[in-house]
Structure formats: structure tokens, C-alpha cells
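So the structure is just underneath, and the comments pick up after that.
The values are calculated or read from the model by the stated rules, or taken from the named source; none is laboratory data. Predicted model only: the values in this text are computed from it and were never measured. Please note: Cβ atoms are built from the backbone with ideal geometry, for glycine as well, and neighbour counts cover all protein chains shown.
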Amino acid sequence: MNIALAIGLQVISSFLFASGATLQHLGVKSTFDPNGRASSNRLTFAGLLRLFRIPKWLLGLGCVLAGALLHLIALSMAPVAVVQPVGILAVPWSVLLASKIHGHRIPARIWLAVSVTVTGVVGFTIFSSLFATGEKEFDFLPIVWSFVVVCLLCLVLSFFATRAAPWAKAMLWSSVGAIFYGLASGMMKAAMNLVQADGFSLLDWQVVTVIGFMLACYGLGVWMIQQGYASGPAEITVGTMTTVDPFVAVLFGLFVLGEGMGMGWGPSMGMTISGAIAVYGVVLLSKDHPDAVEERRRAEEEAREDAVEALAQAQALVVPDVDDDPSAVDR
């Protein structure tokens, strides 16, 4: 009964998250030139502070916080490997909301990308939830190492995000934010396990440290997700987050919190294949989104215009002006 209720709360949380993401994306985009290339946008720290004066962005933040509260309640009622992947429902929610707001028809290729992503995450959830026993006691040191490793990984991904192809920038920035969010969910679950199961108080240094890691992950995640909103459509950010976030949270739950006791090669391969399918769906969503297609078309037109202009300039340098130099005709 608790698991069913937790899943229901997470479904509501996914809709609140999709709504909040759409509103925050609109708020972030309003601070940039609407006629410019979205992939070239970079949100500064001053720009981030300005977002707190934009009503729609604040409303979106309220939706996200409400969804996070429901998510927290769901995590207290069921294993992270069961609760976290349900958030993938935010992807179709965000596609529908964007279509309604912008008044455009949703192409079939976008629904295909969403279907592939959802299929991959559902498969990943099935394999992970079958082994989410939560019976093994976990140590504190692996929690610390997981934080260090994730920070290093995100640093590398951020480097590539600044140099990626235009269609991939929003996906990469969002991936960095989603990794931090997924780890934050795992840290939240770890802190609750410490307090509930092991008799620690909220002021115990280990609990305080885990909560500190969780807050740091959320802070860094917020910064990177706003970069994702600035660099591309909200659906790409939502799709990336709801794919990468549960992967990280589930892996943390399985291997750090000990929710995956007894997992063999079969389930491991199933999770790997399902995860690859979900990631492929996000890549399709990023490449085939109408905004990405339009940006590529504009870039190709500008490249052709630049090529024609360069050719004209080259011909002007090679072909002599007969009016100024009559002897050029004989030559």
C-alpha cells in the first residue's frame, strides 16, 4: 500500500516538476535576445540573481519545490529505486505543456523520442526495483567518495558542454545538473536512513555532512539546469533530467545504500541496455526538436551566405578591373 501511494505522489510530483520547468524556462529565455541563437546563451551569476525578480520563474520555482516535497514524502515510503524513475512522466507532461503554450503541433519524431526515453526508463525501473531490498547496512566513506567522484565527473562534462555542438549543449548542461540532482536524492535517502534506521540524531556529524552534500548538490544542480534552460527548449532539459537523475539516484541506492543485494549479471545487463535506450531517446529529442532543427537550418543559411560573400570577395581580388587597366584585356 505504501509503495502504491508513493508512486501516486511521484506522479503528481512529475506534473509539478514539468510545470515548474516550463515556467522557469520561459523566465530564463525572457532575459535573452529572442532572435538570437539559444545554444549561444550563457547565464551569468548576475543573470541568475535577476531571475528572482521574474514572476513566472518564481512561480515555476514554487511548483518545483512543491514537487520536491511530494518527492521527499514518496522517498520516505518506498525505496529510491522504485520512486525515482516514476519522474520520467515529466517528459510527456512537458511536451504537452510546451505545445499548449507555444501553440505548435507536436511532430511524430518528438513523440517517438519521448516513447524511446520512457521505454528505457521503465525497463531500467523494472530491473532496479526487483532488487531494491534495502537490507544491507551502508558505510559513511562510500557516501563521501560518491560525492567526490560526481563532482569530478560533472567538471569534465561542463568542459565539454562549453564546446559541444549547438543541439547538444542543453542536453549536456542538463545532464550535469541532473547528475547533481540524482546524487542529492540519494543523499536525502541516506540521511533519512541514518536517522530512521541507525538511531542518529539530526545533529550527528555524519548526518550533518550528508545533508551538507545534499544541499551542495542541489545548489550546483540549480545552476547547471538554468544553463540548460538558457541553451535550449524546456523539453530537452526535462527529458535529460528525468533520465539521468533517476539513473544516478538508483545507482547510488543500489551500490552505496545497499538496495541491490544479490544482483547478478542478468539484471545488470538489463539495466545497462535499458539505460542506453533511454539515453538514445534523449539524444533523439535533442537533435529532432523543432527548435534544434530550425537553429541548424538558420546556421546552414548563414554559412551559405558567408560562403557566397567570401567567393565574391575572392573573385573581386582575382578578376582585374578592365576600366581601370585596359591592358588587362590583352593579357
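Descriptive notes on the structure:
- The set of residues in region 43-97 that are of a type in the set (V, I, T) and under 20 Å from the mean Cα position of the chain (by Cα) comprises T44, V64, V80, V82, V83, V86, I88, V91, V95.
- Top-ranked residue in region 114-163 [being polar (S, T, N, Q) and more than 30 Å from N41 (Cα to Cα); ranked as modelled with the highest pLDDT]: S146
- Output for region 45-71, where each listed residue is touching a Phe, Trp or Tyr at 6+ places or on another chain (Cβ under 8 Å), without any contact (Cβ under 8 Å) to a residue 40 or more places away in the chain and either within 13 Å of S14 (Cβ to Cβ) or crowded, with 20+ Cβ neighbours inside 10 Å (or both): none
- If you filter region 144-201 down to residues that are assigned to a loop (DSSP other than H, G, I, E, B) and charged (D, E, K, R), you find that the one that is surrounded by the most Cβ atoms within 10 Å (Cβ to Cβ) is D198.
- The sole residue among S274, S286 that is under 19 Å from G120 (Cβ atoms), among the polar types (S, T, N, Q) and modelled with pLDDT under 80 is S286.
- Test: I211 is within 25 Å of V64 (Cα to Cα), β-branched (V, I, T) and within 18 Å of the chain's Cα centre (by Cα): no
- Selection status of T209, over 16 Å from S158 (Cα atoms), surrounded by fewer than 19 Cβ atoms within 10 Å (Cβ to Cβ) and of a type in the set (V, I, T): yes
- One residue from L72, L51, L43 being outside any helix (DSSP H, G or I) and at pLDDT below 90: L43
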